1. Out of everything in the stretch 118-133 that is of a type in the set (V, I, T) and over 13 Å from the mean Cα position of the chain (by Cα), what residue ends up being surrounded by the fewest Cβ atoms within 10 Å (Cβ to Cβ)?
2. Would the stretch 234-251 turn up any residue that is of a type in the set (S, T, Y) and open to solvent by less than 20 Å² (accessible area, probe 1.4 Å)?
3. Can you pull out the residues in the stretch 57-79 that are over 10 Å from H27 (Cα atoms), open to solvent by 30 Å² or more (accessible area, probe 1.4 Å) and modelled with pLDDT of 85 or more?
4. What is the residue count in the stretch 50-103 for residues that are in contact with a His (Cβ under 6 Å, 6 or more places away or on another chain) and more than 24 Å from I118 (Cα to Cα)?
5. Checking the conditions here, which among K265, K188, K255 is in a helix (DSSP H, G or I), open to solvent by 60 Å² or more (accessible area, probe 1.4 Å), closer than 30 Å to E51 by Cα and at pLDDT 90 or above?
6. Within the stretch 80-89, track down each residue that is crowded, with 20+ Cβ neighbours inside 10 Å and in contact (Cβ under 8 Å) with a residue 24 or more places away in the chain.
7. It is to be established whether one or more residues within the stretch 90-104 are open to solvent by less than 70 Å² (accessible area, probe 1.4 Å), at pLDDT below 95 and among the charged types (D, E, K, R).
Amino acid sequence: MSIVEQVSEQLSNSFNADIESIRLIDHPRGVEILPSRCEATAIKCLLEQHELKYTVETKSNVEYISTNGRFPILIFNERDIVSGFAELLAYLTKKGYTLSDKLSENEKCDMDTYTSLITARLEALELFTAWLIEDNYLHVTLPAYTRHTAWPLSTILPFYKRRQVYRLIASQSEWYDVSGEMMLPETKTIANAISQRLTDTPGTFFKDSTTGEDIVTELDCLLYGHLNAIFMTKLPSFRMKRAMGVHSRLIQFCKHMESAHGMKKHGSW
(Lines give C-alpha, C1' and ligand atoms only; values in the text may rest on other atoms or scores of the structure.)
Protein backbone atom coordinates (compact mmCIF):
# COMPACT_ATOMS: atom_id res chain seq x y z
CA MET A 1 0.00 0.00 0.00
CA SER A 2 1.36 3.42 -0.99
CA ILE A 3 1.86 6.28 1.48
CA VAL A 4 -1.05 8.19 -0.10
CA GLU A 5 -3.34 5.18 0.31
CA GLN A 6 -2.24 4.72 3.93
CA VAL A 7 -2.95 8.38 4.74
CA SER A 8 -6.31 8.23 2.95
CA GLU A 9 -7.29 5.13 4.93
CA GLN A 10 -6.25 6.74 8.21
CA LEU A 11 -8.27 9.87 7.41
CA SER A 12 -11.27 7.77 6.42
CA ASN A 13 -11.09 5.74 9.63
CA SER A 14 -10.75 8.95 11.65
CA PHE A 15 -13.80 10.51 10.04
CA ASN A 16 -15.92 7.40 10.36
CA ALA A 17 -15.11 6.99 14.06
CA ASP A 18 -17.90 7.46 16.57
CA ILE A 19 -18.22 10.80 18.34
CA GLU A 20 -16.76 10.18 21.79
CA SER A 21 -16.09 13.70 23.05
CA ILE A 22 -17.00 17.26 22.10
CA ARG A 23 -15.37 20.42 23.41
CA LEU A 24 -17.21 23.66 22.65
CA ILE A 25 -14.93 26.70 22.85
CA ASP A 26 -16.66 30.07 23.11
CA HIS A 27 -16.13 33.61 24.38
CA PRO A 28 -16.06 34.15 28.15
CA ARG A 29 -19.30 35.34 29.73
CA GLY A 30 -19.79 39.05 29.25
CA VAL A 31 -18.00 39.05 25.91
CA GLU A 32 -20.94 37.63 23.96
CA ILE A 33 -22.06 39.88 21.11
CA LEU A 34 -25.47 39.42 19.47
CA PRO A 35 -24.34 37.55 16.29
CA SER A 36 -22.08 35.14 18.20
CA ARG A 37 -24.75 34.54 20.83
CA CYS A 38 -27.19 33.56 18.05
CA GLU A 39 -24.77 31.02 16.60
CA ALA A 40 -23.72 29.61 19.96
CA THR A 41 -27.32 29.00 21.03
CA ALA A 42 -28.19 27.37 17.69
CA ILE A 43 -25.17 25.07 17.94
CA LYS A 44 -26.00 23.98 21.49
CA CYS A 45 -29.59 23.27 20.50
CA LEU A 46 -28.50 21.16 17.54
CA LEU A 47 -26.10 19.11 19.65
CA GLU A 48 -28.75 18.58 22.31
CA GLN A 49 -31.36 17.46 19.79
CA HIS A 50 -28.88 14.79 18.68
CA GLU A 51 -28.29 13.96 22.38
CA LEU A 52 -24.58 14.66 21.95
CA LYS A 53 -22.95 15.67 25.23
CA TYR A 54 -20.39 18.46 25.20
CA THR A 55 -18.23 20.44 27.59
CA VAL A 56 -17.90 24.21 27.37
CA GLU A 57 -14.57 26.04 27.55
CA THR A 58 -13.93 29.76 27.14
CA LYS A 59 -11.10 31.57 25.39
CA SER A 60 -10.92 35.32 24.83
CA ASN A 61 -9.23 34.85 21.43
CA VAL A 62 -11.70 32.29 20.05
CA GLU A 63 -12.45 34.42 16.99
CA TYR A 64 -8.79 34.45 15.96
CA ILE A 65 -8.13 30.73 16.39
CA SER A 66 -11.19 29.80 14.35
CA THR A 67 -10.41 28.27 10.98
CA ASN A 68 -13.01 30.39 9.17
CA GLY A 69 -13.73 33.30 11.51
CA ARG A 70 -16.93 31.65 12.79
CA PHE A 71 -17.41 30.58 16.37
CA PRO A 72 -17.95 28.79 18.69
CA ILE A 73 -15.30 26.23 17.83
CA LEU A 74 -16.02 22.54 18.36
CA ILE A 75 -13.35 19.86 18.78
CA PHE A 76 -14.57 16.31 18.21
CA ASN A 77 -12.61 13.38 19.67
CA GLU A 78 -9.68 15.77 20.31
CA ARG A 79 -9.02 15.64 16.58
CA ASP A 80 -11.65 17.13 14.29
CA ILE A 81 -12.09 20.93 14.47
CA VAL A 82 -15.33 22.54 13.33
CA SER A 83 -16.16 26.27 13.40
CA GLY A 84 -19.69 27.66 13.32
CA PHE A 85 -23.17 26.26 12.68
CA ALA A 86 -22.79 25.57 8.94
CA GLU A 87 -19.59 23.55 9.38
CA LEU A 88 -21.12 21.67 12.30
CA LEU A 89 -24.16 20.78 10.20
CA ALA A 90 -21.97 19.48 7.37
CA TYR A 91 -19.80 17.51 9.81
CA LEU A 92 -22.74 15.85 11.56
CA THR A 93 -24.40 15.02 8.24
CA LYS A 94 -21.28 13.22 7.03
CA LYS A 95 -21.18 11.39 10.33
CA GLY A 96 -24.73 10.16 9.74
CA TYR A 97 -26.47 12.54 12.17
CA THR A 98 -29.55 14.21 10.69
CA LEU A 99 -32.85 15.52 12.02
CA SER A 100 -34.52 15.98 8.65
CA ASP A 101 -34.50 12.46 7.21
CA LYS A 102 -38.31 12.22 7.55
CA LEU A 103 -38.93 15.26 5.37
CA SER A 104 -40.12 15.02 1.79
CA GLU A 105 -38.03 16.53 -1.01
CA ASN A 106 -40.34 19.56 -1.17
CA GLU A 107 -40.02 20.06 2.57
CA LYS A 108 -36.23 19.84 2.33
CA CYS A 109 -36.34 22.56 -0.34
CA ASP A 110 -38.44 24.70 1.99
CA MET A 111 -35.96 24.08 4.79
CA ASP A 112 -33.05 25.20 2.58
CA THR A 113 -34.95 28.35 1.60
CA TYR A 114 -35.62 29.44 5.17
CA THR A 115 -32.13 28.46 6.26
CA SER A 116 -30.73 30.78 3.58
CA LEU A 117 -33.06 33.55 4.71
CA ILE A 118 -31.68 33.29 8.24
CA THR A 119 -27.99 32.85 7.42
CA ALA A 120 -27.84 35.47 4.66
CA ARG A 121 -30.29 38.21 5.60
CA LEU A 122 -31.11 37.86 9.30
CA GLU A 123 -27.44 37.45 10.23
CA ALA A 124 -26.65 40.64 8.30
CA LEU A 125 -29.24 42.50 10.39
CA GLU A 126 -27.73 41.13 13.59
CA LEU A 127 -24.27 42.32 12.55
CA PHE A 128 -25.70 45.72 11.66
CA THR A 129 -27.48 46.00 15.02
CA ALA A 130 -24.37 45.12 17.03
CA TRP A 131 -21.71 46.97 15.04
CA LEU A 132 -23.22 49.82 13.06
CA ILE A 133 -25.85 51.29 15.40
CA GLU A 134 -23.80 53.78 17.38
CA ASP A 135 -25.41 53.36 20.81
CA ASN A 136 -25.11 49.58 20.67
CA TYR A 137 -21.54 49.72 19.42
CA LEU A 138 -20.24 52.21 21.97
CA HIS A 139 -22.06 50.89 25.05
CA VAL A 140 -22.18 47.12 24.45
CA THR A 141 -20.24 45.77 21.47
CA LEU A 142 -17.01 47.74 21.85
CA PRO A 143 -16.57 47.12 25.62
CA ALA A 144 -17.37 43.42 25.18
CA TYR A 145 -15.13 42.99 22.13
CA THR A 146 -12.11 44.63 23.78
CA ARG A 147 -12.58 43.37 27.34
CA HIS A 148 -9.62 40.99 27.16
CA THR A 149 -7.56 43.00 24.66
CA ALA A 150 -4.75 45.40 25.52
CA TRP A 151 -3.95 48.67 23.75
CA PRO A 152 -3.22 49.25 20.87
CA LEU A 153 -5.11 46.12 19.69
CA SER A 154 -8.14 47.29 21.66
CA THR A 155 -8.33 50.20 19.19
CA ILE A 156 -7.15 48.52 16.00
CA LEU A 157 -9.17 45.28 16.07
CA PRO A 158 -12.65 46.79 16.58
CA PHE A 159 -11.91 49.38 13.89
CA TYR A 160 -11.12 46.67 11.33
CA LYS A 161 -14.02 44.50 12.48
CA ARG A 162 -16.47 47.37 12.12
CA ARG A 163 -15.16 48.19 8.67
CA GLN A 164 -15.49 44.52 7.70
CA VAL A 165 -19.13 44.49 8.83
CA TYR A 166 -19.84 47.73 6.95
CA ARG A 167 -18.45 46.28 3.73
CA LEU A 168 -20.45 43.08 4.19
CA ILE A 169 -23.70 45.00 4.68
CA ALA A 170 -22.94 47.32 1.75
CA SER A 171 -22.44 44.28 -0.51
CA GLN A 172 -25.97 43.00 0.17
CA SER A 173 -28.07 43.60 -2.94
CA GLU A 174 -31.21 43.96 -0.80
CA TRP A 175 -29.77 46.99 1.03
CA TYR A 176 -29.97 50.17 -0.99
CA ASP A 177 -28.09 52.09 1.74
CA VAL A 178 -26.31 51.21 4.96
CA SER A 179 -28.52 53.02 7.43
CA GLY A 180 -30.86 52.40 10.30
CA GLU A 181 -33.76 53.44 8.06
CA MET A 182 -33.14 50.46 5.82
CA MET A 183 -32.92 48.05 8.75
CA LEU A 184 -36.55 48.34 9.84
CA PRO A 185 -38.28 47.36 6.56
CA GLU A 186 -35.76 44.56 6.02
CA THR A 187 -36.49 43.23 9.52
CA LYS A 188 -40.23 43.38 8.89
CA THR A 189 -39.85 41.51 5.59
CA ILE A 190 -37.90 38.67 7.21
CA ALA A 191 -40.19 38.48 10.24
CA ASN A 192 -43.27 38.36 8.01
CA ALA A 193 -41.80 35.60 5.85
CA ILE A 194 -40.98 33.39 8.84
CA SER A 195 -44.20 34.18 10.71
CA GLN A 196 -46.36 33.30 7.71
CA ARG A 197 -44.66 29.91 7.47
CA LEU A 198 -45.49 29.12 11.09
CA THR A 199 -49.08 28.58 12.23
CA ASP A 200 -51.17 29.96 15.08
CA THR A 201 -50.86 26.56 16.76
CA PRO A 202 -47.43 26.45 18.45
CA GLY A 203 -45.11 23.92 16.84
CA THR A 204 -42.08 23.36 14.65
CA PHE A 205 -41.72 24.14 10.95
CA PHE A 206 -42.66 20.62 9.91
CA LYS A 207 -45.07 17.97 11.20
CA ASP A 208 -45.16 14.21 10.76
CA SER A 209 -47.70 13.56 8.00
CA THR A 210 -49.01 10.47 9.82
CA THR A 211 -49.08 11.43 13.49
CA GLY A 212 -49.12 15.21 13.24
CA GLU A 213 -46.30 15.40 15.79
CA ASP A 214 -43.46 17.90 15.64
CA ILE A 215 -40.41 17.12 13.55
CA VAL A 216 -37.57 19.14 15.05
CA THR A 217 -35.09 19.86 12.26
CA GLU A 218 -31.82 21.72 11.90
CA LEU A 219 -33.88 24.72 10.77
CA ASP A 220 -35.77 24.82 14.06
CA CYS A 221 -32.50 24.79 16.00
CA LEU A 222 -31.09 27.57 13.82
CA LEU A 223 -34.18 29.76 14.06
CA TYR A 224 -34.53 29.24 17.80
CA GLY A 225 -30.88 30.19 18.32
CA HIS A 226 -31.36 33.48 16.47
CA LEU A 227 -34.75 34.40 17.92
CA ASN A 228 -33.70 33.51 21.46
CA ALA A 229 -30.65 35.76 21.22
CA ILE A 230 -32.60 38.60 19.61
CA PHE A 231 -35.33 38.56 22.25
CA MET A 232 -33.02 37.97 25.25
CA THR A 233 -30.10 40.30 24.46
CA LYS A 234 -30.30 43.72 26.08
CA LEU A 235 -29.14 46.59 23.89
CA PRO A 236 -29.67 50.38 24.18
CA SER A 237 -31.17 50.59 20.68
CA PHE A 238 -32.96 47.46 19.54
CA ARG A 239 -35.45 48.31 16.81
CA MET A 240 -35.01 44.84 15.33
CA LYS A 241 -36.25 43.24 18.57
CA ARG A 242 -39.33 45.46 18.64
CA ALA A 243 -40.09 44.83 14.97
CA MET A 244 -39.90 41.06 15.40
CA GLY A 245 -41.66 41.04 18.76
CA VAL A 246 -44.96 42.17 17.24
CA HIS A 247 -45.20 38.76 15.55
CA SER A 248 -46.76 36.54 18.20
CA ARG A 249 -46.00 33.39 16.22
CA LEU A 250 -42.25 33.97 16.60
CA ILE A 251 -42.58 34.26 20.37
CA GLN A 252 -44.88 31.23 20.49
CA PHE A 253 -42.32 29.26 18.50
CA CYS A 254 -39.58 30.04 21.04
CA LYS A 255 -41.79 29.18 24.00
CA HIS A 256 -42.84 25.91 22.35
CA MET A 257 -39.25 24.90 21.62
CA GLU A 258 -38.35 25.56 25.25
CA SER A 259 -41.31 23.77 26.80
CA ALA A 260 -41.73 20.87 24.38
CA HIS A 261 -38.19 20.20 23.19
CA GLY A 262 -35.93 20.83 26.19
CA MET A 263 -34.44 24.21 25.30
CA LYS A 264 -35.37 26.05 28.51
CA LYS A 265 -31.80 26.40 29.70
CA HIS A 266 -31.07 28.84 26.84
CA GLY A 267 -33.56 31.42 28.03
CA SER A 268 -36.82 31.99 29.90
CA TRP A 269 -39.79 34.17 29.07
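1. From the stretch 118-133, those of a type in the set (V, I, T) are 118-119, 129, 133; that's our starting set.
Next, from what is left, pick out any that are over 13 Å from the mean Cα position of the chain (by Cα): 129, 133.
On the way: T129: 27, I133: 20.
Among them, the one singled out is I133.
2. Within the stretch 234-251 (the criterion being of a type in the set (S, T, Y) and open to solvent by less than 20 Å² (accessible area, probe 1.4 Å)), the answer is no, since none of the residues qualifies.
3. N68, R70, E78, R79
4. Counting residues in the stretch 50-103 that are in contact with a His (Cβ under 6 Å, 6 or more places away or on another chain) and more than 24 Å from I118 (Cα to Cα) gives 1.
5. Working: K265 fails: at pLDDT 90 or above; K188 fails: closer than 30 Å to E51 by Cα.
The match here is K255.
6. Let us first name the residues in the stretch 80-89 that are crowded, with 20+ Cβ neighbours inside 10 Å, namely 82-85, 88-89.
Across the stretch 80-89, the qualifying residues are G84, F85, L88, L89.
7. Yes - at least one qualifying residue is present in the stretch 90-104.
Table: residues versus (1) outside any loop (DSSP other than H, G, I, E, B); (2) within 18 Å of L157 (Cα to Cα); (3) among the β-branched types (V, I, T).
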residue: R37; (1), (2), (3): yes, no, no
residue: I43; (1), (2), (3): yes, no, yes
residue: E48; (1), (2), (3): yes, no, no
residue: L52; (1), (2), (3): no, no, no
residue: E63; (1), (2), (3): yes, yes, no
residue: V82; (1), (2), (3): yes, no, yes
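The values are calculated or read from the model by the stated rules, or taken from the named source; none is laboratory data. Here the structure is a predicted model, which is why all the values come from computation and not from measurement. Here Cβ is always computed from backbone atoms with ideal geometry, including for glycine, and neighbour counts include all displayed protein chains. The protein model used for the area step is the full one, side chains on, heavy atoms only, and it has no ligands, DNA or RNA in it. Shrake-Rupley method; radii C 1.70, N 1.55, O 1.52, S 1.80 Å.
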